[in-house]
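Below is one structure; the comments refer to it alone.
The values are calculated or read from the model by the stated rules, or taken from the named source; none is laboratory data. Model, not experiment: these values are computed from the prediction. Reconstructed Cβ throughout: ideal geometry from the backbone, glycine too, with neighbour counts over all protein chains shown. In case anyone asks, the SASA skips ligands and DNA or RNA and just uses the protein heavy atoms, side chains included. Shrake-Rupley method; radii C 1.70, N 1.55, O 1.52, S 1.80 Å.
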Amino acid sequence: MTERPVKRLFDLLDQSNEFLRKDLNTTYLDALAENLGNILDHKNVKVENERPTSETIAKIKALYQKLDLDQFDLQTRRQTLQLLAFKGIQTDKVEPNKQITPDAIGALIAFLVDELTALPDQGHVFDIAVGSGNLILTVMQQLQQDQDISLQGIGIDNDDLLLELAAVFSQWLLINLDLYHQDAIMPVLAKDVDLVVSDLPVGYYPIDANTKNFKTRAKSGHAYVHHLMIEQSIHALKAGGLGFFVIPTTIFQSDEAKQLTEFLTTTAYFQGLLNLPAKLFRDEASRKSILIVQKHGSDAQQVGQVLLGDLPDFNDKAGLQKFRQELIAWRQKYFSK
């Protein structure tokens, strides 16, 4: 696919978005959610408290007249949405824990899932920190195409703007995604899901009373929210289900690593830990990895050799091809779908 369709769609959406943002005096991401919603609503521009003005509406509708979504395939739509979200994050100076998962990481996780599991038709995919949905939507779109199945997504987040973006993004991409605005450490509706994928926020969870039944809670002080989310996600998995988590590379070197390790060894099999390319991060301390775990039960068992290593640079085609061959060889020797 050439870049031209992406640029054409991006320019149309970005221009109409800027008209809305300036007229409504709002953030880029707020305007983006409203702009996409307008287009999904048969290109009707929403007016509230006499805003946007008739002049702005005329400018936006002139751009909408040039927009025919049927001209753009789903891959083009997804890449365009990611570019718009990246611009919004930079423009609005969004905090690190609310930034979107890069497309390359989503594509890599989709590849890992595709190699390591065969999902059922109408299977459920869960993201406990869904944000604007880029990770789960990337994975679901790729799996539905590669495995010729339909999937149902479930996402949780405590940020209503990001959930609004995830909702319109999923509609644009024709992907079924149920979204819930809630604290992910409170009881969740997701149960017996087939797959978990999540780029976890990093930091401390402030409400100690909510963590009293968690095995990964801190012995004193606040617990790490990413540890709690891993525990919550594994409980939501069906027996034998796989979880793929983007986590700090140093997760097992932290003060609370013992509780996390003990929980994992009693409920899931530690099947892999792949370090993402160092150049994606500003320094070694902020580097992240992909943790692969499999819930106990069904036919699941601990692999004879855990999948460990550093992933090649995403622009290194030869390195990526070598990794692909090594992964397939590892799966054939140690892991059965």
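Where the second residue is buried (at least 18 other Cβ atoms within 10 Å of the Cβ) and in a helix (DSSP H, G or I) and the first is touching a residue at least 60 places away in the same chain (Cβ under 8 Å) and lies in the range 242-258, which pairs have Cβ atoms under 6 Å and are six or more apart or on separate chains? Partner pairs satisfying both residue conditions: Phe244/Ile109.
Residues checked against (1) under 23 Å from His226 (Cα atoms); (2) of a type outside the set (Lys, Arg); (3) under 15 Å from the mean Cα position of the chain (by Cα):
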position: Thr117; (1), (2), (3): no, yes, no
position: Ile136; (1), (2), (3): yes, yes, yes
position: Lys191; (1), (2), (3): yes, no, no
position: Ala209; (1), (2), (3): yes, yes, no
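Of all residues in the range 48-57, those satisfying the criterion of being part of a loop (DSSP other than H, G, I, E, B) and polar (S, T, N, Q) are Asn49, Thr53. Is it true that some residue in the range 267-278 is open to solvent by 10 Å² or more (accessible area, probe 1.4 Å), within 23 Å of Phe323 (Cα to Cα) and part of a helix (DSSP H, G or I)? Yes, there is a match, as at least one residue in the range 267-278 is open to solvent by 10 Å² or more (accessible area, probe 1.4 Å), within 23 Å of Phe323 (Cα to Cα) and part of a helix (DSSP H, G or I).
Any residue that is in a helix (DSSP H, G or I) and either open to solvent by less than 30 Å² (accessible area, probe 1.4 Å) or in contact with a helix residue (DSSP H, G or I) (Cβ under 7 Å, 6 or more places away or on another chain) (or both) - is there at least one of those in the range 242-256? Write out each step before concluding.
Here is the first cut: in the range 242-256, the residues in a helix (DSSP H, G or I) are 251-253.
Remaining after also requiring either open to solvent by less than 30 Å² (accessible area, probe 1.4 Å) or in contact with a helix residue (DSSP H, G or I) (Cβ under 7 Å, 6 or more places away or on another chain) (or both): 251-252.
Within the range 242-256, one or more residues are in a helix (DSSP H, G or I) and either open to solvent by less than 30 Å² (accessible area, probe 1.4 Å) or in contact with a helix residue (DSSP H, G or I) (Cβ under 7 Å, 6 or more places away or on another chain) (or both).
Working only within the range 279-297, note down all residues that are touching a residue at least 40 places away in the same chain (Cβ under 8 Å) and either among the hydroxyl-bearing types (Ser, Thr, Tyr) or not in a loop (DSSP other than H, G, I, E, B) (or both).
Residues of the range 279-297 that are touching a residue at least 40 places away in the same chain (Cβ under 8 Å), as a first pass: 280, 288-297.
Leu280, Lys288, Ser289, Ile290, Leu291, Ile292, Val293, Gln294, Lys295 - these are the residues of the range 279-297 that are touching a residue at least 40 places away in the same chain (Cβ under 8 Å) and either among the hydroxyl-bearing types (Ser, Thr, Tyr) or not in a loop (DSSP other than H, G, I, E, B) (or both).
Among the residues of the range 64-78, none qualifies, meaning not one is under 14 Å from Asp30 (Cα atoms), out of contact with any Pro (no Cβ under 7 Å at 6 or more places or on another chain) and hydroxyl-bearing (Ser, Thr, Tyr). Of the residues that sit in the range 19-47 and are not charged (D, E, K, R) and not in a helix (DSSP H, G or I), which one is farthest from Gln171 (Cα to Cα)? Only one residue tops the list, namely Asn25. Regarding Pro187, is this residue part of a loop (DSSP other than H, G, I, E, B) and buried (at least 19 other Cβ atoms within 10 Å of the Cβ)? Taking the combined requirement at face value, the residue does not satisfy it.
Applying the selection to the range 41-70, what residues are more than 26 Å from the chain's Cα centre (by Cα) and closer than 14 Å to Pro5 by Cα? Don't jump to the end; show me each part of the working.
Step one: list which residues in the range 41-70 are more than 26 Å from the chain's Cα centre (by Cα), which gives 42-68.
Of everything in the range 41-70, those that are more than 26 Å from the chain's Cα centre (by Cα) and closer than 14 Å to Pro5 by Cα turn out to be Lys66, Leu67, Asp68.
This table checks each residue for (1) in a strand (DSSP E or B); (2) open to solvent by less than 40 Å² (accessible area, probe 1.4 Å); (3) without any contact (Cβ under 8 Å) to a residue 40 or more places away in the chain.
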position: Tyr180; (1), (2), (3): yes, no, yes
position: Leu195; (1), (2), (3): yes, yes, no
position: Lys215; (1), (2), (3): no, no, no
position: Ala218; (1), (2), (3): no, yes, no
position: Gly221; (1), (2), (3): no, no, yes
position: His227; (1), (2), (3): no, yes, yes
position: Lys238; (1), (2), (3): yes, no, no
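Residues that are open to solvent by 50 Å² or more (accessible area, probe 1.4 Å) and assigned to a helix (DSSP H, G or I): does the range 300-312 have at least one? No.
Leu119 - would you say it is touching a Phe, Trp or Tyr at 6+ places or on another chain (Cβ under 8 Å), more than 25 Å from Leu84 (Cα to Cα) and not small (Gly, Ala, Ser)? I'd like the intermediate steps shown before the answer.
Details: touching a Phe, Trp or Tyr at 6+ places or on another chain (Cβ under 8 Å): no; more than 25 Å from Leu84 (Cα to Cα): yes; not small (Gly, Ala, Ser): yes.
In short, no.
Report yes if some residue within the range 323-331 is in a loop (DSSP other than H, G, I, E, B) and open to solvent by less than 30 Å² (accessible area, probe 1.4 Å); otherwise report no. Within the range 323-331, not a single residue is in a loop (DSSP other than H, G, I, E, B) and open to solvent by less than 30 Å² (accessible area, probe 1.4 Å).
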